[in-house]
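All of the numbers you see were taken from the coordinates with simple rules; none came from a lab. Values in this document were obtained by computation on a predicted structure and should not be read as measured data. Reconstructed Cβ throughout: ideal geometry from the backbone, glycine too, with neighbour counts over all protein chains shown.
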Amino acid sequence: MDKKYALVTGGSRGIGKAIALKLAQSGFSIIINYRSNHKEAEKTLSELKELNLDAQLLPFDVSDQKAVNEALNQWHSQHADAYIQILINNSGIRKDALLLWMKDEEWKEVIDTNLNSFFYVTRHLMQNMLVNKYGRIINIVSLSGLKGLPGQTNYSASKGGVISATKALAQEVARKKVTVNAIAPGFIKSDMTADIDEKEHKKIIPMRRFGQPEEVADLVDFLASEKSAYITGQVISINGGLYT
Ligand code: NAP
């Protein structure tokens, strides 16, 4: 049987790693993207291989259009006839600051990494999904992109942009059985939230705890499956009741 490929951007650590593992257990051949932390990526790859799961590494900077095109063109030239049917746009960064003090690069880097990357990677893979009349695009956004959080105008704008793009693109490609959805996590335990005081913040979460990356991965797994065929253009929150 032909392999079914899933690309997880930022799949080497945190939420992306849990998604890579879960989708691999569901039978997908996983392409794990990351930017520069080779050690963590190699560790993640070994963990999957030890479980006899099918995965490979594909490092590139999602915010660099040329790098995205080069890496994906090369992957396709090495995998003739294969197509990536599942795309998880998960890589992301935060660089928090009050707008008044925000540096140009803090605005630009967050928009490039979290929003422009969506355009670069998704456009590249879209044609094959349309030709094959099947695809799943799942964008990991954030509560910050729904509600807006002070100190995160750059991050909220980037995630809010992806939420709107999700809704628009879903309507463009629905006829071809390509679905496009977004998942908006609240506080999830990962390197990104390592500097956030869980004891303090959990008081405002109705479930009184941070979420686990694996809980996000379970939702991704469903949206990536054939069972979710009639769900598109949606933003699904996973936040312990923090924002409804
Ligand atoms: P994380 O632990 O910091 O991991 C980030 C991942 O993204 C790493 O694999 C990293 O690669 C990769 N990455 C960062 N910039 C990249 C770039 N320019 N090109 C390619 N890969 C890049 O983050 P996380 O907490 O798992 O977050 C995953 C996603 O969930 C993000 O989009 C984040 O905004 C979103 N989210 C997270 C939370 C939360 O509470 N954690 C809440 C809401 C939304 P390297 O290892 O090479 O740096």
Task: Qualifying positions in segment 49-85 - part of a loop (DSSP other than H, G, I, E, B), of a type in the set (D, E) and surrounded by fewer than 13 Cβ atoms within 10 Å (Cβ to Cβ) - done: D81
TODO: Examine segment 117-127 for a residue that is of a type in the set (A, V, I, L, M), in a helix (DSSP H, G or I) and surrounded by fewer than 18 Cβ atoms within 10 Å (Cβ to Cβ), and state whether such a residue exists.
DONE: no
- [ ] Considering only segment 149-190, state which residues are part of a helix (DSSP H, G or I), closer than 21 Å to L223 by Cα and either of a type in the set (S, T, Y) or away from the ligand (no atom under 15 Å from the Cβ) (or both).
- [x] S164, T166, K167, A168, L169, A170, Q171, E172, V173, A174, R175, K176
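Report whether or not L143 is under 23 Å from S117 (Cβ atoms) and more than 10 Å from the ligand (Cβ to nearest atom). Working first, answer last.
On the way: under 23 Å from S117 (Cβ atoms): yes; more than 10 Å from the ligand (Cβ to nearest atom): no.
So L143 does not fit the description; no.
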- [ ] Would you please name the residue that is farthest from the ligand (Cβ to nearest atom), looking only at residues in segment 1-33 that are surrounded by 22 or more Cβ atoms within 10 Å (Cβ to Cβ) and in a loop (DSSP other than H, G, I, E, B)?
- [x] F28
TODO: Within segment 105-119, identify whether any single residue is away from the ligand (no atom under 14 Å from the Cβ), within 24 Å of F28 (Cβ to Cβ) and either in contact with a helix residue (DSSP H, G or I) (Cβ under 7 Å, 6 or more places away or on another chain) or not acidic (D, E) (or both), and answer yes or no.
DONE: no
Open item on the list: Take the residues in segment 191-218 that are crowded, with 18+ Cβ neighbours inside 10 Å and within 13 Å of I19 (Cα to Cα); name whichever of them is farthest from the ligand (Cβ to nearest atom).
Closed with: A217
Open item on the list: So the check is Cβ under 6 Å with 6+ separation or different chains; which pairs have a first residue in segment 97-109 that's within 18 Å of R35 (Cα to Cα) and touching a residue at least 24 places away in the same chain (Cβ under 8 Å) and a second one that's basic (K, R) and part of a loop (DSSP other than H, G, I, E, B)?
Closed with: E106/K95
- [ ] Could you tell me which numbered condition S144 fails, if it satisfies all but one of (1) more than 17 Å from L87 (Cα to Cα); (2) surrounded by fewer than 23 Cβ atoms within 10 Å (Cβ to Cβ); (3) hydroxyl-bearing (S, T, Y)?
- [x] (2)
Task: Options K39, K22: the member that is charged (D, E, K, R) and free of Cβ contacts under 8 Å to residues at least 40 places away in the same chain - done: K39
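Can you tell me which residues in segment 213-244 are part of a loop (DSSP other than H, G, I, E, B) and within 18 Å of S144 (Cα to Cα)?
Correct list: Q234, N239, G240, G241, L242, Y243, T244.
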